[in-house]
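Undergrad: I am attaching a structure below and will ask some questions about it afterwards.
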Amino acid sequence: MIERGTNRPPGFQTRAIHHGYEPKKFLGSVAPPIFMTSTYSFEGIADAAAVMAHEREGYLYGRESNPTQALLEARLANLEGAEACVVLASGMGAVGSLMLSLLSQGDEVVVHRTLYSNTYTLSRLALPRFGIKAVPVDLTDPGRLDGALTPRTRLVYFETPVNPTSEVIDIAAVARRAHAGGARVAVDSTFASPCVQRPIEHGADLVLHSLTKYINGHGDLLGGAVLGDAATIEQIRGNGLRYITGATLSPMAAFLVLRGMKTLSLRMRQHAASAAAVAEMLAAHPAVAWVRYPFLAGSREYEVAKKQMSLGSAMMAFGLKSGFAGAAAMMDRLRLVSRAVSLGDAESLIMHPASLTRARQKVYPDTRPAEGVTDDLIRLSVGLEDADDLLDDLAQALAAV
Ligand SMILES: Cc1ncc(COP(=O)(O)O)c(C=O)c1O
């Protein structure tokens with residue numbers, strides 16, 4: 001029993017609502033203001049110089065910083081347990097700004113063999129153009145990292161849970177090995193959110209999020225974030241954001257993310273409870289060949305997930321015995337679950353990466369499915385609808401295959 005009136009630090013939910021904001025500084029406005037400005041004026045040359053030298057708090061130009069963004073950055077850093085945060089225009093803005101700020105010609109980055117499709121393309125096609133070598137490794141077995149590290153390895157980069165396979169990677173085990181080899185570790189924690197998993201507590205150096213997903217949670221904007229030590233975040237802001245990608249998050253989007261985050265832990269609990277019910281239903285269904293969900297009892301994922309995730313989140317992958325054709329037939333019959341990319345929204349979303357990739361290859365012939373993404377794999381983001389309605393919809397669609 002916690003004693004009332006002690007100096008106990010506020011909990012996650014309280015900080016998600018209040019951290020870093022004092023209404024009395026803004027005419028008592030309970031909701032934080034949105035600073036819709038692209039530039040800032042100065043009293044004189046000496047005043048501008050003081051801001052540029054960080055001797056006075058102030059702002060120069062909207063590509064680098066803005067007060068609404070600054071509040072979001074302070075709140076995200078607090079929730080993630082990081083020293084600092086930089087927010088960006090999208091998750092890919094975060095991935096690109098991080099890679100291009102921290103890696104140079106001749107460097108190597110070890111990546112998990114399966115990544116979000118566009119991060120996979122970045123590692124396979126874009127980084128080599130700049131003389132940066134991406135080395136794919138199956139990090140679900142952290143021991144494989146040892147053979148992949150070289151004196152040129154600057155970074156070990158992975159998602160956990162992994163998009164779209166829902167594999168879980170042991171953050172502490174990878175971080176120990178990477179640090180012993182002199183490399184830093186960046187974890188894309190988009191599938192979990194800081195409510196469910198905080199990679200820095202397990203030894204990661206940097207954390208990335210697509211704010212587009214659970215953190216905003218309402219499917220109505222794009223955003224990204226990188227979190228870590230203050231010096232590295234300043235490097236990403238000062239290089240990546242300032243003159244490489246320019247991927248600035250708009251003040252309006254920053255405000256909407258702050259609003260969405262107020263209910264993050266409520267949403268994650270509901271997402272996870274419904275996802276667990278769906279994963280169990282799928283695992284027991286005769287048409288289903290396999291299911292991967294971090295908190296599916298008895299699975300390899302669960303053994304790792306329970307060390308680093310407080311809930312299973314709501315992303316899962318599964319395959320039907322009828323493979324590619326079965327996936328298409330099942331998905332076409334769904335009535336409530338939307339056939340759509342993205343994830344972490346109130347609406348349940350389902351996608352079949354193999355059929356999208358095949359179609360995309362007609363326009364972009366160099367498109368390739370990320371390693372480990374099989375033809376039968378279906379990715380499901382369980383939303384906030386009533387779980388019984390979701391179970392009914394999936395059951396009637398599965399009855400067709
Ligand atoms: C794990 C992961 N990282 C990064 C991204 C990219 O985020 P955004 O779509 O906000 O650019 C996504 C998008 O789906 C993702 O799933």
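Undergrad: Based on C-alpha coordinates, I'd like the Rg and Dmax of the chain, in Å.
TA: 21.7, 74
Undergrad: With a sphere of radius 10 Å drawn around the Cβ of V401, what net charge do the other residues whose Cβ falls strictly inside it have (Lys, Arg +1; Asp, Glu -1)?
TA: Values: positive: K321, R333; negative: none.
Taking every other residue near V401 into account, the sum is +2.
Undergrad: What distance in nm lies between label points placed 7 Å from Cα along the C-beta direction at E55 and A31?
TA: About 4.0 nm, to one decimal.
Undergrad: Let me ask something else about it. So how do I244, I233 line up by other beta-carbon neighbours within 10 Å, fewest first? Before the final figure, lay out each step's value.
TA: Working: I244 14, I233 23.
Neighbour counts put them in this order, fewest first: I244, I233.
Undergrad: If you rank K362, K213 by fewest surrounding Cβ atoms within 10 Å, what's the result? Walk me through the intermediate numbers first.
TA: On the way: K362 8, K213 23.
With the fewest neighbours first, K362, K213 line up as K362, K213.
Undergrad: On to the next question. Hey, what does the equivalent ellipsoid look like for segment 353-400, semi-axes from the Cα gyration tensor as sqrt of 5 times each eigenvalue, largest first, whole Å?
TA: Working: eigenvalues 175, 27, 20 Å².
Rounded to whole Å, the semi-axes are 30, 12, 10.
Undergrad: Sticking to Cα atoms, compute the Rg of segment 264-398 to one decimal and its Dmax as the biggest Cα-Cα distance, whole number, in Å.
TA: Computed over the Cα atoms of segment 264-398, radius of gyration and Dmax are 14.8, 43 Å.
Undergrad: Under a straight-distance cross-link criterion of Cα-Cα below 16 Å, which lysines are reachable from K213, leaving out those fewer than 8 residues away in the same chain?
TA: Counting by Cα, and skipping residues close in sequence, K213 has these lysines nearby: K262.
Undergrad: Quick one: which residues, 5+ away or cross-chain, put their amide H under 5 Å from the amide H of V401? H built at 1.01 Å from N.
TA: none
Undergrad: Report the rotationally averaged projected area of segment 1-124 based on its alpha-carbon convex hull, in square nanometres. Walk me through the numbers on the way to the answer.
TA: Values: hull surface 53.5 nm².
Taking the Cα atoms of segment 1-124, their convex hull projects to 13.4 nm² on average.
Undergrad: Can I ask one more? Assign one of three labels to segment 219-288, namely rounded, prolate or oblate, based on the Cα gyration tensor with a ≥ b ≥ c the square roots of its eigenvalues; rounded applies when a/c is under 1.5, prolate when it is not and a/b is larger than b/c, and oblate otherwise. Provide the component values of the computation, followed by the final result.
TA: Numbers: a/c = 2.92, a/b = 2.26, b/c = 1.29.
Note, shape of segment 219-288 comes out prolate.
Undergrad: So if R0 is 56 Å, what FRET efficiency would A289 and K24 give, r being the distance between their Cβ atoms, rounded to the nearest 0.05? Provide the component values of the computation, followed by the final result.
TA: Details: r = 59 Å, r/R0 = 1.05.
According to the calculation, E is roughly 0.45.
Undergrad: Using only alpha carbon pairs under 8 Å that are at least six residues apart, calculate the relative contact order of segment 248-401 and give it in whole percent. Mind dumping the intermediate values first?
TA: Numbers: 228 pairs, mean separation 39.5, N = 154.
In percent, rounded to a whole number, it is 26.
Undergrad: Got a sec? How would E57, E280 order by Cβ neighbour count within 10 Å, fewest to most? Walk me through the intermediate numbers first.
TA: On the way: E57 9, E280 15.
The order, fewest Cβ neighbours first, is E57, E280.
Undergrad: Taking each pair of distinct Cα atoms in segment 200-358 once, what is the resulting Kirkwood hydrodynamic radius in Å?
TA: On the way: mean 1/r = 0.0553 Å⁻¹.
For segment 200-358, inverting the mean 1/r across all distinct Cα pairs yields 18.1 Å.
Undergrad: Also, I was wondering about something else. What's the FRET efficiency of R15 with I244 using the Cβ-Cβ distance as r and R₀ = 35 Å, to the nearest 0.05?
TA: E(calc), rounded to 0.05, equals 0.65.
Undergrad: Based on Cβ point charges of +1 for Lys and Arg and -1 for Asp and Glu, what charge dipole magnitude is obtained for segment 12-261 about its Cα centre, in debye rounded to the nearest 20?
TA: On the way: 21 positive and 23 negative charges, 65 e Å.
About 320 debye.
Undergrad: Let me check against my output: what whole-number percent is the relative contact order of the chain, with C-alpha pairs under 8 Å and at least 6 apart? List each step's numbers first, then the result.
TA: On the way: 793 pairs, mean separation 67.6, N = 401.
It comes to 17 percent, rounded to a whole number.
Undergrad: Sticking with this structure for a sec: Counting alpha carbon pairs within less than 8 Å and at least 6 residues apart, what relative contact order, in whole percent, applies to segment 139-222? Don't skip to the answer; put the middle values down first.
TA: Working: 130 pairs, mean separation 22.4, N = 84.
Normalised by residue count, the contact order of segment 139-222 is 27 percent.
Undergrad: Related question: Measuring from centroid to centroid over Cα atoms, what is the spacing of segment 4-58 and segment 162-219 in Å?
TA: Each part's Cα centre sits 28 Å from the other's.
Undergrad: Now a separate question. Net charge around M268, counting only other residues with Cβ within less than 15 Å of its Cβ (Lys, Arg = +1; Asp, Glu = -1)?
TA: Here the charged neighbours net out to +4.
Each reported figure results from applying straightforward, stated rules to the coordinates on display, with no laboratory input. Owing to the predicted nature of the structure, the values given are computational and were not obtained by experimental measurement. Please note: Cβ atoms are built from the backbone with ideal geometry, for glycine as well, and neighbour counts cover all protein chains shown.
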